[in-house]
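What follows is a short report on a single structure.
Only the coordinates and a few stated rules stand behind these numbers; no lab work does. Fair warning: this is a prediction, and the values are worked out from it, not measured in the lab. Don't worry about glycine lacking a Cβ; one is built from the backbone with ideal geometry, like all the others, and counts go over all protein chains shown.
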Amino acid sequence: MKNLTKYFTYVKYFFISYYGYLTILIIFLVYLTFFDKNNFLDKWKLSGENSDKRTEINKLKKTVEQNQNQAELLRNNKTYLEQYARDSFNMKEENEDVFLFDE
């Protein structure tokens, strides 16, 4: 019994000492880094995914803007519409011949 009391005295002074605080801090940081529900590793991974998604969103916004500009040109400019139809769909007028060359 005397040894047990002596042991608890050492444990008590250990946690009061500098090393006790340091040990508890390290245990707490390890817990937060690996075992917590919202741990740092998952947050870091999600932050990277978030960055990738934001980049993808910006690319898609540029694509949408380009498509809107092209649609506006197709609605309002007859010569652009004719040129687009010729280039994209190989369309031609009735009285002309089209020759396609592979480069």
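Computed from label points 7 Å out along Cα-Cβ, the spacing between Leu100 and Thr23 is 7.9 nm. Partner lysines whose Cα lies under 20 Å from the Cα of Lys53, excluding those fewer than 8 positions away in the same chain, are identified as Lys43, Lys45, Lys61, Lys62.
Let's see if you can work this out: charge +1 on each Lys and Arg Cβ, -1 on each Asp and Glu Cβ, no other charges. What is the dipole magnitude of the chain about its Cα centre, in debye to the nearest 20?
Details: 15 positive and 15 negative charges, 375 e Å.
The calculated dipole for the chain is roughly 1800 debye.
With percent of Cα pairs over 15 Å apart as the read-out, I listed (i) 81; (ii) 67; (iii) 63; which label goes with the value calculated from this structure? Only one option fits the structure, namely (i).
Restriction of the GluC sites (Glu not before Pro) in segment 13-94 to DSSP coil positions whose beta-carbon has at most 12 other beta-carbons within 10 angstrom yields Glu93, Glu94.
Sparsely packed loop sites in segment 19-103 (the trypsin sites (Lys or Arg not before Pro) outside DSSP H, G, I, E and B with at most 12 other Cβ atoms within 10 Å) comprise Lys37, Lys92.
Using a simple spin-label model with pseudo-atoms 7 Å out from Cα toward Cβ, Tyr31 and Glu72 lie 5.8 nm apart.
Determine, from the Cβ-Cβ distance of Ser88 and Phe40 and an R0 of 41 Å, the FRET efficiency 1/(1 + (r/R0)^6), rounded to the nearest 0.05.
0.20
Projecting the Cα positions of Gln66, Asn76, Met91 onto the charge dipole of segment 45-91 (unit charges on Cβ atoms of Lys, Arg, Asp and Glu, taken about the Cα centre) puts Gln66 furthest along the positive direction.
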